[in-house]
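> Sharing a structure, written as structure tokens. Questions coming.
The values are calculated or read from the model by the stated rules, or taken from the named source; none is laboratory data. In this text the structure is predicted, and so the values were computed from the model without any measurement. Here Cβ is always computed from backbone atoms with ideal geometry, including for glycine, and neighbour counts include all displayed protein chains.
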């Protein structure tokens, strides 16, 4: 199982053996605190890391970062669509972004109109 704990790491736990495993990432994440995480079909992960999103490959190596232009605070939820894109939220601004997984381009964005600190997670129906 992968999890985060508001640190610079993606942590792992073996639930069958009831044992903590070594960190998944091979180097500390570039932001301040890891929050939300999604496992990719190839065994890598997307993890929100304060003001950006980090993609780690199946070996835990950082291979890409994603940045939403103009967003300087808490990037919250992240969810995969299954078509090579993913969505992410900014809890502070209540903005929602759709990213291209390969290029990192922002393909769409909108504001939920719900005020600051109201959008912390999301789930996307494919």
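> Tell me whether the stretch 40-47 contains one or more residues that are buried (at least 17 other Cβ atoms within 10 Å of the Cβ), at pLDDT below 95 and under 26 Å from residue 95 (Cα atoms).
Narrowing the stretch 40-47 to residues buried (at least 17 other Cβ atoms within 10 Å of the Cβ): 44-47.
The next check asks that each one be at pLDDT below 95; those that pass are none.
The answer is no; no qualifying residue exists.
Yes/no matrix, rows are residues, columns are (1) without any contact (Cβ under 8 Å) to a residue 60 or more places away in the chain; (2) under 27 Å from residue 24 (Cα atoms); (3) surrounded by 12 or more Cβ atoms within 10 Å (Cβ to Cβ); (4) in contact with a helix residue (DSSP H, G or I) (Cβ under 7 Å, 6 or more places away or on another chain):
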residue: 75; (1), (2), (3), (4): yes, yes, yes, no
residue: 85; (1), (2), (3), (4): yes, yes, yes, no
residue: 118; (1), (2), (3), (4): yes, no, yes, no
residue: 122; (1), (2), (3), (4): yes, yes, yes, no
residue: 126; (1), (2), (3), (4): yes, no, no, no
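> Residues that are surrounded by fewer than 16 Cβ atoms within 10 Å (Cβ to Cβ), at pLDDT 90 or above, under 23 Å from residue 33 (Cβ atoms) and touching a strand residue (DSSP E or B) at 6+ places or on another chain (Cβ under 9 Å): does the stretch 88-105 have at least one?
Step one: filter the stretch 88-105 for residues surrounded by fewer than 16 Cβ atoms within 10 Å (Cβ to Cβ), giving 100, 102-105.
Now restrict to residues that are at pLDDT 90 or above: 100, 102-105.
Checking the rest, the ones that are also under 23 Å from residue 33 (Cβ atoms) come to 104.
Then keep just the ones that are touching a strand residue (DSSP E or B) at 6+ places or on another chain (Cβ under 9 Å); that gives 104.
Yes, the stretch 88-105 has at least one match.
Conditions (1) at pLDDT 95 or above; (2) buried (at least 17 other Cβ atoms within 10 Å of the Cβ); (3) on the phi > 0 side of the Ramachandran plot, marked per residue:
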residue	(1), (2), (3)
5	no, no, no
35	no, yes, no
58	yes, no, no
107	yes, no, no
111	no, no, no
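> Grab the strands (runs of 3 or more DSSP E) fully contained in the stretch 19-112, keeping just those with 1 or more residues being closer than 18 Å to residue 123 by Cα. Break it down stepwise before answering.
Details: elements: 19-21, 34-39, 45-49, 52-56, 62-66, 75-80, 85-90, 95-100, 106-111.
The strands (runs of 3 or more DSSP E) meeting that bar are 34-39, 45-49, 52-56, 75-80, 85-90, 95-100, 106-111.
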